[in-house]
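Enquirer: Please read through the structure below; I'll follow up with questions.
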Amino acid sequence: MNLQLTNKTALVTGSTAGIGLAIARRLAAEGAEVIITGRTEARLQEARAAIVAETPTAAVRGVAVDFGRAEEMAHLLREVPTVDILVNNVGIFEPKPFAEISDEDWVRFFEVNVLSGVRLARQYFPLMLAQDWGRILFISSESALQIPAEMIHYGTTKTAQLAVARGLAELTKGTGVTVNSVLPGPTASEGVEEFLKQLAGAGKTRAEAEHEFFRDARPSSLLQRFITTDEVASLVAYLASPLAAATNGASVRVDGGVVRHI
């Protein structure tokens, strides 16, 4: 399927690994010019090499930025003053008992997971409206709907992303701009793979560790395995395309059926 992304420019935040890298790879393969972000030049170079190895004709460049620092985000906005597609993927998570989550933790999570997308949208959204075309996507999580007891601060920021996205979508009436959220379920990112390796090191195979995770921690999953980053990227690429013009203000799940309610 031709997603008609040639001549579109896309910024994907947090895109040197995991879901973000998979999204950048897919958008580049579809012909979009892609700007990737990461915290170090070394990671950016590795990610760019991976994208070009898969798509030799890819137009891809990187900007180093720490999304927890407003001044570094200001630098990013100067380097990338306008885009057609914004994918707010960057995010942090950390299991922590509620009583131990400090004010500083709450602020740090909101700074990266919520305000990063707000700051970028504040610049790009009006420009998209002016050109009557654009796509903004927030990569949220099924944790936005099912707040994890082990990291309430993370789940709360994921819910906040849904609110920001829906609010922006309300401002797009009658235009060619759409704003949507994507809710992945448990996904085989770098962190998950390390988690499974640790369990495997405790005498279990990766397959056994994955089976036990879904049996004990995510029994509602219909997929009963970790989602691949490419499976998430496929949905994101479609929603970023002109073909998805009728999908706006939506929270679209790619969660393997973990969320039970309709």
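The values are calculated or read from the model by the stated rules, or taken from the named source; none is laboratory data. Predicted model only: the values in this text are computed from it and were never measured. Backbone-built Cβ (ideal geometry, glycine too); neighbour counts: all protein chains shown.
Enquirer: Can you run down the residue pairs with Cβ atoms below 9 Å, 6 or more apart or on separate chains, where the first is in the stretch 2-28 and in contact (Cβ under 8 Å) with a residue 60 or more places away in the chain and the partner is crowded, with 24+ Cβ neighbours inside 10 Å and aromatic (Phe, Trp, Tyr)?
Expert: So the pair list comes out as Thr13/Phe67; Gly14/Phe67.
Enquirer: Among the listed residues Val118, Val52, Val90, Val114, identify the single one that is surrounded by 14 or more Cβ atoms within 10 Å (Cβ to Cβ), at pLDDT 95 or above and either part of a loop (DSSP other than H, G, I, E, B) or touching a strand residue (DSSP E or B) at 6+ places or on another chain (Cβ under 6 Å) (or both).
Expert: Going through Val118, Val52, Val90, Val114 in turn, the sole match is Val90.
Enquirer: What about Leu137, is it touching a residue at least 12 places away in the same chain (Cβ under 8 Å), part of a strand (DSSP E or B) and farther than 19 Å from Val258 by Cβ?
Expert: So Leu137 passes the test.
Enquirer: Can you confirm whether Phe93 is within 19 Å of the chain's Cα centre (by Cα) and closer than 29 Å to Thr172 by Cβ?
Expert: No; evaluated as a whole, the condition is false for this residue.
Enquirer: Among the residues of the stretch 163-183, write down those that are surrounded by fewer than 18 Cβ atoms within 10 Å (Cβ to Cβ) and in a helix (DSSP H, G or I).
Expert: Ala163, Arg166, Gly167, Glu170
Enquirer: Let me ask another. Here are Ala237, Ala209, Ala149, Ala169: which of them is within 27 Å of Leu120 (Cα to Cα), hydrophobic (A, V, I, L, M, F, W, C) and in contact with a helix residue (DSSP H, G or I) (Cβ under 9 Å, 6 or more places away or on another chain)?
Expert: Exactly one of Ala237, Ala209, Ala149, Ala169 is within 27 Å of Leu120 (Cα to Cα), hydrophobic (A, V, I, L, M, F, W, C) and in contact with a helix residue (DSSP H, G or I) (Cβ under 9 Å, 6 or more places away or on another chain), namely Ala237.
Enquirer: I need the full set of residues from the stretch 184-228 which are in contact (Cβ under 8 Å) with a residue 40 or more places away in the chain and either among the charged types (D, E, K, R) or part of a helix (DSSP H, G or I) (or both), in order please.
Expert: The answer is Glu190, Gly191, Arg218.
Enquirer: Search the stretch 20-49 for residues being part of a helix (DSSP H, G or I) and of a type in the set (Asp, Glu), and hand back the single one that is surrounded by the most Cβ atoms within 10 Å (Cβ to Cβ).
Expert: My answer is Glu46.
Enquirer: Conditions first: (1) under 12 Å from Gly14 (Cβ atoms); (2) at pLDDT 95 or above; (3) surrounded by fewer than 23 Cβ atoms within 10 Å (Cβ to Cβ); (4) not polar (S, T, N, Q). Gly68 passes all but one, so which condition is the exception?
Expert: (2)
Enquirer: Let me ask you something else. Using the structure shown, decide if Ile136 is in contact with a strand residue (DSSP E or B) (Cβ under 9 Å, 6 or more places away or on another chain) and either crowded, with 18+ Cβ neighbours inside 10 Å or assigned by TED's automatic domain parsing to the domain that holds Leu239 (or both).
Expert: Taking the combined requirement at face value, the residue satisfies it.
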